[in-house]
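Undergrad: My questions all concern the structure below.
The values are calculated or read from the model by the stated rules, or taken from the named source; none is laboratory data. Every value quoted in this text rests on a predicted model; they were computed, and no experiment measured them. All Cβ positions, glycine included, derive from the backbone under ideal geometry; neighbour counts span all protein chains shown. Heavy atoms of the whole protein, side chains included, go into the accessibility calculation; ligands, DNA and RNA do not. Shrake-Rupley method; radii C 1.70, N 1.55, O 1.52, S 1.80 Å.
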Amino acid sequence: MDKTSITIEGPYTDRSAACEPVLRALPDWFGIETALTNYLEDIDQSPTFLAVREEKVIGFLTVKQHTPFAAELLVMGVYPEIRRGGVGRVLVEKAEAWLTTQGVEYFQVKTLGPSRPDDGYAATRAFYEALGFRPMEELTQIWGEDNPCLILIKRL
């Protein structure tokens, strides 16, 4: 994909309507309806960056600031047919640049941990590690025994 044809807009709030089709196109990651609904509520309340090509949202990233120094990549999605084309990387870079202007020093992301093998989530973890995130801890207290949560962090 030609990344020059993509613009990154935001951060915005109240953009769940633009992001919902992307989430629904990714049922392997966002197939639990209650979780999807919670993400949509978070998108409306939290800074969200939109990847736009030809006036169509093709991906997004939402951040949540937990303290003046730490934020979380809360949810991100890119249409499956254009994944692995650099859109996610550009979204993360834009979010990190903005967070730095806000004084944020640490950026975290949560994903399914490696103790539950899954090829899709292995690729997700590899993506975050390629962007400089490092695994910190895997916990079962967050999402339950069947869904171990891996927390990855990055210093901005």
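Undergrad: Take the solvent-accessible surface of the protein heavy atoms, probe 1.4 Å, and return the percent of it on the chain that carbon and sulfur atoms account for. Walk me through the numbers on the way to the answer.
TA: Numbers: 4100 of 8360 Å².
Carbon and sulfur: 49 percent of the exposed surface of the chain.
Undergrad: Related question: Per DSSP H run of n ≥ 4, the term is -39500 (n - 2.57); total these for the chain, divide by its residue number, and report the mean residue ellipticity at 222 nm rounded to 500 deg cm²/dmol.
TA: Working: 5 runs with 53 residues, N = 156.
Taken over the chain, the calculation gives -10000 deg cm²/dmol.
Undergrad: Quick one: grab the alpha carbon gyration tensor of region 74-148, order the square roots of its eigenvalues as a ≥ b ≥ c, and give me rounded if a/c is under 1.5, else prolate or oblate depending on whether a/b is larger than b/c. Intermediate values should be presented prior to the final figure.
TA: Details: a/c = 2.27, a/b = 1.28, b/c = 1.77.
Oblate, because a/c is 1.5 or more while a/b does not exceed b/c.
Undergrad: Return one whole number: the accessible area per residue of the chain in Å², for a 1.4 Å probe. Write down the numbers at each step before the final one.
TA: Numbers: 8360 Å² over 156 residues.
Result: 54 Å² of accessible area for each residue.
Undergrad: Another one. Around THR37, under 14 Å between beta carbons, what's the net of Lys plus Arg minus Asp minus Glu among the other residues?
TA: Working: positive: ARG24; negative: GLU20, GLU33, GLU41, ASP42, ASP44.
Neighbour charge sum, excluding THR37 itself: -4.
Undergrad: Also, quick follow-up: LEU156's amide H: which non-local residues (gap 5+, or another chain) put their own amide H closer than 5 Å, with H modeled 1.01 Å from N in plane and none for Pro or chain starts?
TA: The answer is TYR106, PHE107.
Undergrad: Can you tally the net charge around LEU131? Count Lys and Arg as +1, Asp and Glu as -1, for every other residue whose Cβ sits under 10 Å from the Cβ of LEU131.
TA: Result for the neighbourhood of LEU131: -1.
Undergrad: Among the GluC sites (Glu not before Pro) in region 1-59, which ones are in a DSSP loop with at most 11 other Cβ atoms within 10 Å of the Cβ? Mind listing them? Show your work: numbers first, answer last.
TA: Details: sites: GLU9, GLU33, GLU41, GLU54, GLU55; in loops: GLU54, GLU55.
Those satisfying the criteria are GLU54, GLU55.
Undergrad: Moving on to the next point. Restricting to DSSP loop positions (anything but H, G, I, E, B) with no more than 12 other Cβ atoms inside 10 Å of their own Cβ, which trypsin sites (Lys or Arg not before Pro) remain in region 78-118?
TA: On the way: sites: ARG83, ARG84, ARG89, LYS94, LYS110; in loops: ARG83, ARG84.
Answer in residue order: ARG84.
Undergrad: For ALA122, what charge total do you get from the other residues with a beta carbon under 15 Å from its beta carbon, if Lys and Arg give +1 and Asp and Glu give -1? Numbers along the way, then the final one.
TA: On the way: positive: ARG83, ARG84, ARG116, ARG125; negative: ASP28, ASP118, ASP119, GLU129, GLU138.
With Lys, Arg at +1 and Asp, Glu at -1, the neighbours total -1.
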